[in-house]
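To start, the structure under review is shown below, and the notes come after it.
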Amino acid sequence: METSRPPEEAIPLLSLRRADEAIGVAALLVIVISILWGVISRYVFPQPAAWTYELAIMAFADLVFFGAVAGVRLGTHAAIDVLVAAFPEGWQKAVAWFNYVLLALFFIAMTVLFGWQAWTSRHVHTIALDLSRGLSYGPLALASAGMLFQHLIVERPWTVRLHRNVESLI
């Protein structure tokens, strides 16, 4: 008996399957609240909050990277395949495999480089918040590993590719 999977919208945001989106939403809330507090503190209080800009930058990086994990999972990244679609079927498969391997290597490299940067900068601290720089780079390594994981699950060059999100086609 085959069970159908519920659509992504039916899965609760605070579930493990949509953790990347939940982190992105939390990062967006941190950005908005931190920038808002920075503006309020600048014009209402005699001493502006200097930490708001630093926190917003860290949260923005998390928003971008964990949003990219969701983009890979949902297949909403741009797909420009006009030229490849004109190739013979054998060449199309070769290009699909090349892209699959190239992106996997890219995500591995990003995971390793951000992990290394997090490890080497763990004793360097930010100016305003006095947080370890490892807290800035660690989530980026985690998101890069998430992109690799989702890429290995979602992209399947050994099957016919069906675009799950037609609006992302260019």
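Things to note:
- Among the numbered conditions (1) within 26 Å of Ala22 (Cα to Cα); (2) out of contact with any Asp or Glu (no Cβ under 7 Å at 6 or more places or on another chain), the only one that Val69 does not meet is (2).
- So Arg122, is it part of a loop (DSSP other than H, G, I, E, B), of a type in the set (Lys, Arg) and touching a Lys or Arg at 6+ places or on another chain (Cβ under 9 Å): yes
- Residue in segment 125-136 that is touching a Gly at 6+ places or on another chain (Cβ under 9 Å), of a type outside the set (A, V, I, L, M, F, W, C), loosely packed, with under 14 Cβ neighbours inside 10 Å and closer than 30 Å to Ile33 by Cα present: no
- Some residue of segment 139-155 being within 30 Å of Ile11 (Cβ to Cβ), modelled with pLDDT of 85 or more and assigned to a loop (DSSP other than H, G, I, E, B): yes
- Helices (runs of 4 or more DSSP H) contained in segment 14-104 and holding at least 2 residues touching a residue at least 12 places away in the same chain (Cβ under 8 Å) and surrounded by 15 or more Cβ atoms within 10 Å (Cβ to Cβ): 19-44, 51-74
- Among the conditions (1) under 30 Å from Leu55 (Cβ atoms); (2) within 18 Å of the chain's Cα centre (by Cα), the only one that Trp119 does not satisfy is (2).
- Filter pass, Leu135 being in contact with a helix residue (DSSP H, G or I) (Cβ under 9 Å, 6 or more places away or on another chain), under 15 Å from Ile57 (Cβ atoms) and in a helix (DSSP H, G or I): yes
- Qualifying positions in segment 14-46 - among the small types (Gly, Ala, Ser) and closer than 18 Å to Gly138 by Cα: Ala19, Ala22, Gly24, Ala26, Ala27
The values are calculated or read from the model by the stated rules, or taken from the named source; none is laboratory data. It should be emphasised that the depicted structure is a prediction, and the values quoted were computed from it without experimental measurement. Cβ atoms come from the backbone with ideal geometry, glycine included; neighbour counts cover every protein chain shown.
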